[in-house]
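Student: After the structure tokens below, expect a handful of questions from me.
Values in this text are rule-based calculations from the coordinates and carry no lab data. Note that the coordinates shown come from a computational prediction; the quantities given were computed from them, not determined experimentally. Positions of Cβ are backbone-derived with ideal geometry, glycine not excepted, and every protein chain shown enters the neighbour counts.
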Amino acid sequence: MKKLFKIALTLVLAFSLAACSSPKTTGYKAGTYTAEASGMNGPVKVEVTVTTDAIEKVVVTEHNETPSISDLAISDMPVRIVDAQGLGVDTVSGATITSKAILEAVALAMKDAGADVEALKKVTSKVQEKEEDKEYTADVIVIGAGGAGLAAGVTANQAGASVIVIEKMPKVGGNTILAGGALNAVDEGSETAIANKDSVELHYTQTYEGGDKQGDPELVRTLVTNAWDGVEWLQSLGMEFKEGTFTVLGGMWP
């Protein structure tokens, strides 16, 4: 009997300890909590609403993150957290810093709500069912929807080819997005070029020397020589540019 009692007592203690150490992913203090964490361009502020047993709503209320790049993180991360009811969710590719800032801010808010934050970090996204494979056929397949890939796809289409452009990221544009719409090109001999004392040769100098002379001179020459043709091509597709010139980050002059 004593032996059985010891075994029973041991099991009771084991279950008691397990219960005491179990992740606290419920039993929150119901209410709305605010917190912030550092993003790419400053604080990212969130508002988290919880009931006693659920994360009901997450909203990014204020931020200075880069438009276009951060948009998916701002819209998707709150949804992922609520859907998973936890913080172990995937970040948005291409907006990792913003995604992590949202997660950190929500973690701080949940701590104020009485949650076991470390336990919430172990709660992962729900497994999504794999969609059925589909097969597509085209004359030209372009892998990568950055500036070069999109230009290649459009050009091939203009030449009469059917085109498929494949992109692994959740948005198109690649590094071209980082330019924010700015573009260096010289219409040599134009009033704007003359007023700014600009030329294709100076564009070459700015590009090569501004890049710490790390670029391939032949490729840089190809770039600056054809840059204005690229502008005219974009305009033929309907692109409109603001009048005037300015100096972009990293530029040596307007």
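Student: Expressed as a whole percent, how much of the Cα-Cα distance distribution for the stretch 32-152 exceeds 24 Å?
Tutor: Values: 2685 of 7260 pairs.
Looking at the stretch 32-152, the distances longer than 24 Å represent 37 percent of pairs.
Student: Another question about this same structure. Nearest 20 debye, what's the magnitude of the dipole of the chain about its Cα centre given +1 on Lys and Arg Cβ and -1 on Asp and Glu Cβ?
Tutor: Details: 21 positive and 34 negative charges, 446 e Å.
Computed charge dipole of the chain: roughly 2140 debye.
Student: I want to verify a result. In a Gaussian network model of the chain, Cα cutoff 10 Å, which of these has the top mean-square fluctuation: LYS213, LYS242, LYS197?
Tutor: LYS242
Student: Semi-axes of the equivalent ellipsoid for the stretch 135-176, please: Cα gyration tensor eigenvalues, times 5, square-rooted, ordered largest first, whole Å. Display every interim value, and only then the final one.
Tutor: On the way: eigenvalues 64, 33, 6 Å².
Semi-axes, largest first: 18, 13, 5 Å.
Student: Also: Would you work out which of LEU72, ALA109, LEU237 lies farthest towards the positive end of the dipole of the chain? Charges go on Cβ: Lys and Arg +1, Asp and Glu -1.
Tutor: It is ALA109, whose Cα lies furthest towards the positive end.
Student: Next question. Given Cα pairs under 8 Å that are at least 6 residues apart, what percent is the relative contact order of the stretch 124-182? Before the final figure, lay out the partial values.
Tutor: Values: 57 pairs, mean separation 20.6, N = 59.
Relative contact order here is 35 percent.
Student: Relative contact order (percent) for the chain, with alpha-carbon contacts under 8 angstrom and 6 or more residues of separation? Don't skip to the end; give the middle numbers.
Tutor: On the way: 343 pairs, mean separation 32.6, N = 254.
Reported relative contact order: 13 percent.
Student: Let me ask something additional. Please report how far the C-alpha centroid of the stretch 41-77 lies from that of the stretch 219-254, rounded to the nearest whole angstrom.
Tutor: Result: 35 Å between the Cα centres.
Student: How compact and how long is the chain, expressed as Rg and Dmax of its alpha-carbon atoms in Å?
Tutor: Looking at the chain, its Cα Rg and Dmax stand at 27.4, 104 Å.
Student: Sorted from fewest to most neighbouring beta carbons within 10 Å, what does the list VAL142, VAL59 look like?
Tutor: Working: VAL142 21, VAL59 13.
Fewest-to-most Cβ neighbours within 10 Å comes out as VAL59, VAL142.
Student: Starting from the 7 Å offset along Cα-to-Cβ, what nm value, one decimal, do you get for the label separation of ASN175 and TYR136?
Tutor: That separation, rounded to one decimal, is 2.5 nm.
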